[in-house]
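See structure below.
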Amino acid sequence: MGRRKHGIDIHGVVLLDKPVGLSSNQALQKVRGIFQARKAGHTGSLDPFATGMLPVCLGEASKTAAFMLEAGKRYRATARLGVATTTGDVEGQVIQTCPLPAFGPDKLALCLKRFEGVIEQVPPMYSALKHAGKPLYEYARAGIFIERPARRVTIHDLQMLGWQPPDLTFEVHCSKGTYIRTLAEDIATALGCCAHLVALRRMYVEPFEQFPMQTLEQLREARDNGGLAEFLLPVDAGLPGWPRIDLDLNQQGRFSNGQHCEVPVENSRADNVRVYALGGHVIGLGRVSADGHLQPTRVFNLVSE
């Protein structure tokens, strides 16, 4: 017999306020330990020097994480102009210094507006993107440069919050795949200088704009007081835009066994759906074909052992 995984069956989404100094995986493991969960995953990394929202998916909620990777995000960042580093942030070594051209807040605000809309970014060498099966940062640490094609990202909104030379603080609402370090460097280039990030905070990950985050300290205190459940969002909390389909007992049995079942014609254009037991709890995710067949894509097992 195989060894049982340590931990308990607990399912849901926790919105962690990741502290500075921890990698996303280190933060994930701390949340997993607090909840004593058998299984956990997150929906997109934050650099160790960054803080802010890191949705942690516990138990069966981890089956929804891949679908949340497409979500937009909002960040608050501070770029120090006049100094560039190897990593584009405070963790790297200084590789360039340059004088600050003469510009004021008005010119800065106009420059930022030029980056709104669909833009192209070249991903940084110090990133988790893979080349030939290895993350780019491994090549960078070995001193190997890899050509990276530019990628299109969308900057929905970019606002200057403050300018206290040499530090520029801004807030950005952007699509998935946007590198804020690269955005800061590109803004500096447009201004005729260089820059690196000295602070970065993720304000939210869609669709959790209105939800509060919890610190590790808050989670530990709640654990000690028996109140962790209040910080656990439903398994499908990250997919509110997906239509819901309720199945009867016969349909539920087929779905839970990985078999397709017929659904009403009005749902035939729904594509990705959340699947519920009739009048009950979520039992999985599926896709609805044009001819009205619901095919399971993720089946949840929310029954504790």
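The values are calculated or read from the model by the stated rules, or taken from the named source; none is laboratory data. All of these numbers come straight from a predicted model, not from anything done at the bench. Please note: Cβ atoms are built from the backbone with ideal geometry, for glycine as well, and neighbour counts cover all protein chains shown. In case anyone asks, the SASA skips ligands and DNA or RNA and just uses the protein heavy atoms, side chains included. Shrake-Rupley method; radii C 1.70, N 1.55, O 1.52, S 1.80 Å.
If you take the residues in segment 179-195 that are of a type outside the set (D, E, K, R) and open to solvent by 20 Å² or more (accessible area, probe 1.4 Å), which one is nearest to the chain's Cα centre (by Cα)? So that I can check it myself, show each step before the final result.
Of the residues in segment 179-195, the ones of a type outside the set (D, E, K, R) are 179-180, 182-184, 187-195.
After this cut, where a residue has to be open to solvent by 20 Å² or more (accessible area, probe 1.4 Å) as well, the list is 179, 189-190, 192.
On the way: Y179: 12, T189: 27, A190: 28, G192: 32 Å.
Among those that are of a type outside the set (D, E, K, R) and open to solvent by 20 Å² or more (accessible area, probe 1.4 Å), it is Y179.
Find the residue count for segment 241-282, including only residues that are out of contact with any Lys or Arg (no Cβ under 9 Å at 6 or more places or on another chain) and either modelled with pLDDT of 90 or more or not β-branched (V, I, T) (or both).
Let us first name the residues in segment 241-282 that are out of contact with any Lys or Arg (no Cβ under 9 Å at 6 or more places or on another chain), namely 241, 246, 248-259, 262-269, 277-281.
Narrowing the set further to residues that are either modelled with pLDDT of 90 or more or not β-branched (V, I, T) (or both) leaves 241, 246, 248-259, 262, 264, 266-269, 277-281.
Of the residues in that region, 25 qualify.
Here is a check on your reading of the model: is R201 in contact (Cβ under 8 Å) with a residue 12 or more places away in the chain, at negative phi, open to solvent by less than 20 Å² (accessible area, probe 1.4 Å) and within 18 Å of the chain's Cα centre (by Cα)? Before you say what the answer is, go through the steps one by one.
Working: in contact (Cβ under 8 Å) with a residue 12 or more places away in the chain: yes; at negative phi: yes; open to solvent by less than 20 Å² (accessible area, probe 1.4 Å): no; within 18 Å of the chain's Cα centre (by Cα): yes.
In short, no.
Anything in segment 29-81 that is under 16 Å from E206 (Cβ atoms) and of a type in the set (F, W, Y)? List them, or say none.
F67, Y75
Filter segment 43-54 for residues that are open to solvent by 10 Å² or more (accessible area, probe 1.4 Å) and not hydrophobic (A, V, I, L, M, F, W, C); which is nearest to the chain's Cα centre (by Cα)?
Looking at residues that are open to solvent by 10 Å² or more (accessible area, probe 1.4 Å) and not hydrophobic (A, V, I, L, M, F, W, C), I get G44.
Considering each residue of segment 167-196, count those that are more than 14 Å from I119 (Cα to Cα) and either among the small types (G, A, S) or in a strand (DSSP E or B) (or both), and give that number.
The qualifying residues number 9.
Looking only at segment 55-94, filter to residues that are open to solvent by 70 Å² or more (accessible area, probe 1.4 Å) and modelled with pLDDT under 95; which one of those is farthest from the chain's Cα centre (by Cα)?
In this case the residue turns out to be Q93.
Please go through segment 242-256 and pick out each residue that is outside any strand (DSSP E or B), within 18 Å of S289 (Cβ to Cβ) and not basic (K, R).
We begin by selecting, within segment 242-256, every residue outside any strand (DSSP E or B); these are 242-243, 248-256.
Filter once more, so that each one left must be within 18 Å of S289 (Cβ to Cβ): 242-243, 251, 254-255.
Hits for segment 242-256 are W242, P243, Q251, F255.
Is it the case that T169 is open to solvent by less than 50 Å² (accessible area, probe 1.4 Å) and either modelled with pLDDT of 95 or more or farther than 20 Å from G72 by Cβ (or both)? Please lay out each step first, then the result.
Numbers: open to solvent by less than 50 Å² (accessible area, probe 1.4 Å): yes; either modelled with pLDDT of 95 or more or farther than 20 Å from G72 by Cβ (or both): yes.
Judged against the criteria, T169 is a match.
Rundown of residues vs (1) in a strand (DSSP E or B); (2) hydroxyl-bearing (S, T, Y); (3) more than 30 Å from E91 (Cβ to Cβ), yes/no style:
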site: V198; (1), (2), (3): yes, no, no
site: Q210; (1), (2), (3): no, no, yes
site: R223; (1), (2), (3): no, no, yes
site: E230; (1), (2), (3): no, no, yes
site: V235; (1), (2), (3): no, no, yes
site: P240; (1), (2), (3): no, no, yes
site: G284; (1), (2), (3): yes, no, yes
site: L294; (1), (2), (3): yes, no, yes
site: T297; (1), (2), (3): yes, yes, yes
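I'm checking my understanding of the structure. Among residues of segment 150-166 that are part of a strand (DSSP E or B) and aliphatic (A, V, I, L, M), which one is most open to solvent (accessible area, probe 1.4 Å)? Please lay out each step first, then the result.
Going residue by residue through segment 150-166, those that are part of a strand (DSSP E or B) are 151-164.
Imposing the further condition that a residue be aliphatic (A, V, I, L, M) reduces the set to 153, 155, 158, 160-161.
On the way: V153: 5, I155: 2, L158: 2, M160: 56, L161: 94 Å².
It comes out as L161.
Criterion first (open to solvent by 70 Å² or more (accessible area, probe 1.4 Å) and small (G, A, S)) does A102 satisfy it?
Details: open to solvent by 70 Å² or more (accessible area, probe 1.4 Å): yes; small (G, A, S): yes.
Answer is yes for this residue.
Show the residue pairs meeting these rules: Cβ distance below 9 Å; 6+ apart or different chains; first residue within segment 64-93 and in contact (Cβ under 8 Å) with a residue 60 or more places away in the chain and more than 30 Å from G12 (Cα to Cα); second residue assigned to a helix (DSSP H, G or I) and among the hydroxyl-bearing types (S, T, Y).
So the pair list comes out as T87/Y137; G88/T182.
What about E147, is it exposed (fewer than 15 other Cβ atoms within 10 Å of the Cβ) and assigned to a loop (DSSP other than H, G, I, E, B)?
Numbers: exposed (fewer than 15 other Cβ atoms within 10 Å of the Cβ): yes; assigned to a loop (DSSP other than H, G, I, E, B): yes.
When the stated conditions are applied, E147 passes them.
Is it the case that segment 105-126 has a residue that's open to solvent by 70 Å² or more (accessible area, probe 1.4 Å), touching a residue at least 60 places away in the same chain (Cβ under 8 Å), assigned to a strand (DSSP E or B) and in contact with a strand residue (DSSP E or B) (Cβ under 6 Å, 6 or more places away or on another chain)?
Checked against the condition, which is being open to solvent by 70 Å² or more (accessible area, probe 1.4 Å), touching a residue at least 60 places away in the same chain (Cβ under 8 Å), assigned to a strand (DSSP E or B) and in contact with a strand residue (DSSP E or B) (Cβ under 6 Å, 6 or more places away or on another chain), segment 105-126 yields no hits at all.
So V14 fits all but one of (1) more than 20 Å from P166 (Cβ to Cβ); (2) open to solvent by 10 Å² or more (accessible area, probe 1.4 Å); (3) at pLDDT 95 or above; what number is the exception?
(2)
Among the listed residues A237, A229, identify the single one that is closer than 20 Å to F300 by Cβ and open to solvent by less than 50 Å² (accessible area, probe 1.4 Å).
Numbers: A229 fails: open to solvent by less than 50 Å² (accessible area, probe 1.4 Å).
Result of the check over A237, A229: A237.
Considering segment 204-226 alone, what residues qualify as being under 14 Å from V14 (Cα atoms), over 24 Å from the mean Cα position of the chain (by Cα) and open to solvent by 50 Å² or more (accessible area, probe 1.4 Å)?
Selection gives R223 alone.
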